Amino acid sequence: MIRAENSLLQGILQGNLKAEGNALFVGFLIIISLLGVCNQIGSTMDEGKNVGYKRPPRQSQFKPGQSGNPSGKAKGLRSMGAELRDILAEEIAFTTDGAIKTMSKQRALASSLITAAIEGDLRATAIVMAHLNRDAPKPETLEEEADFSAVEAYQRRSARKK
């Protein structure tokens, strides 16, 4: 026997409630009441086991200290840019005119790139020019002139108002 806590459902189950008016409405009320009772019955059976959206079962939850991605990124793994910077910062030794000289790999790379550009390699020339244009300081003289002209124009306007 279904234990009904809803007074409407109790009346319907006991036959005390007469279907007055629309039978479809009464049927709808019966279905809603039954759903409510089923939800109540289900919740009393699962005491403490709330499972659903954002509530996974206890046995499948991560234990304290357990990683959610055990085979993920290793600690201390460095990026490619960091590795390249370290390698380019290393010193290399070479002999020029009988003398041993040292320079960083980055400087040697830049030197060979400029040498190739001077010898007529258009791709090397384009790379060198792109780096020069990217790293060149912007001329501030135009900005300073614009600032001075703006200040002078303000002073002229304020002098006219007085």
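Just so you know, all these numbers are worked out from the coordinates, no wet-lab data involved. Bear in mind that the values here come from a model prediction, so they are computed numbers and not experimental data. Positions of Cβ are backbone-derived with ideal geometry, glycine not excepted, and every protein chain shown enters the neighbour counts.
The simple Förster model, with R0 at 41 Å and r as the Cβ-Cβ distance, assigns GLU83 and PHE62 a FRET efficiency of 0.80. Spin-label model, GLN155 to SER111: label points 7 Å out along the Cα-to-beta-carbon direction sit 5.3 nm apart.
Calculated FRET efficiency, ALA74 to ARG123, Cβ-Cβ distance, R0 = 25 Å: about 0.10 to the nearest 0.05. Charge tally for SER111 (other residues, Cβ to Cβ under 12 Å; Lys, Arg +1; Asp, Glu -1): +3.
Exposure proxy ranking for VAL128, VAL151, based on other Cβ atoms within 10 angstrom of each Cβ and starting from the fewest, stands as VAL151, VAL128.
Rounded to the nearest Hz, the phi-derived 3J(HN,Hα) couplings of the stretch 59-65 under the Karplus curve 6.51 cos²θ - 1.76 cosθ + 1.60 (θ = phi - 60°) are 5, 9, 6, 5, 6, x, x, where x marks glycine and proline. Evaluating 6.51 cos²θ - 1.76 cosθ + 1.60 at θ = phi - 60° for every residue in the stretch 111-118, the Karplus couplings come out as 4, 5, 5, 5, 4, 5, 5, 5 Hz, glycine and proline recorded as x. Panel order for TYR154, TYR53, by other beta carbons found within 10 Å of each beta carbon, from fewest to most: TYR53, TYR154. As a rough footprinting exposure proxy, the listed residues MET129, MET80 were ranked by other beta carbons within 10 Å of their own, and the order from fewest upward is MET80, MET129.
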